[in-house]
Amino acid sequence: MSSGKFQRSQIVCTKTLYNYIDLGLLSIKNTDLAIRLRRSTKTANIKKHKKKLGTSILGRSISINNRNEFGHWEIDTIIGEKSNNDCVLLTLLERKTRNAIVRKIAAKTASAVTDEIKNIRNIYESQFSQVFKTITSDNGSEFADLSTLEAETDTKVYFTHPYSSFEKGTNERHNGLVRRFIPNGKRISDYNLNDILFIEDWMNTLPRKILNYNTPEELFEIHLDQIYSIQVNSSV
């Protein structure tokens, strides 16, 4: 039931009328409409993130998502005080075992991350790429040089889509465990090496229901033993 000249089904919305005017389907123009001129007629311009640090996560094997294979890691940083004179934490999380590596580095910079990755490489030496088959990172500037690993090792590096932290959600969730000890805003510089090692050890020795109540450390060591035993047998 309509009180005007048209049935409700015959009435179009205001936006449709404006579209007709823009398309030249009506004899009037926008300049004839005072209110229309106060409306924004610009098309929304959504800026795309143009920064590309390396291979997209789209290129990563789907099998990695199943967590059936050992050696696929996620990497992230945790900041403390929002300042330029505080340390940050570098965290790496192995997807299958949930074993974590937590390191305090000098700053949230590419050079600081690269230096710590070199330290980790020295620990595992020739087995590094067997322990670290892939590493998935976000697009933070501190990971700008992470792809150089592919030129120096057999490790593959992947990057999530911009603003898609859920694509490395395992690491993100475990960063929440670190926050139990280092709340937001607390200076990481105030925590010494033993403090950081305690946090890492607590995380890795915590039994998990998802791991059938095994600890990440137990499962991680089993895989390391397999890797190094193969190395020893092949050298005999």
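Take the Cβ atoms of residue 85 and residue 18, set R0 to 45 Å, and the FRET efficiency comes out at 0.25.
Using R0 = 25 Å, the C-beta based FRET efficiency linking residue 193 and residue 214 works out to 0.35.
In terms of packing, defined here as the mean over residues of other Cβ atoms within 10 angstrom, the peptides 138-144, 70-76, 60-66 line up highest first as 70-76, 138-144, 60-66.
Sorted from longest to shortest, the spans of the Cα atoms of segment 113-161 along the three principal axes equal 30, 19, 15 Å. Using 1/(1 + (r/R0)^6) with R0 = 35 angstrom and r between the beta carbons of residue 69 and residue 109, what's the FRET efficiency to the nearest 0.05? Rounded to the nearest 0.05, the efficiency is 0.65.
Peptide packing: for 88-96, 184-192, 206-214, 102-110, the average count of neighbouring Cβ atoms within 10 Å per residue gives the ranking 88-96, 102-110, 184-192, 206-214, highest mean first. With a cut-off of 11 Å on the backbone N, the residues of segment 59-95 near the modelled label site 7 Å out from residue 167 along Cα-Cβ are 59-60. Each Lys and Arg contributes +1 and each Asp and Glu -1, all at the Cβ; summed about the Cα centre of segment 98-236, the dipole is approximately 520 debye.
Using only the C-alpha atoms, the convex hull of segment 88-236 corresponds to 122 Å³ per residue.
All of the numbers you see were taken from the coordinates with simple rules; none came from a lab. The structure displayed is predicted, hence computed values, not measured ones. Glycine gets a Cβ as well: all are built from the backbone with ideal geometry, and neighbour counts include every protein chain shown.
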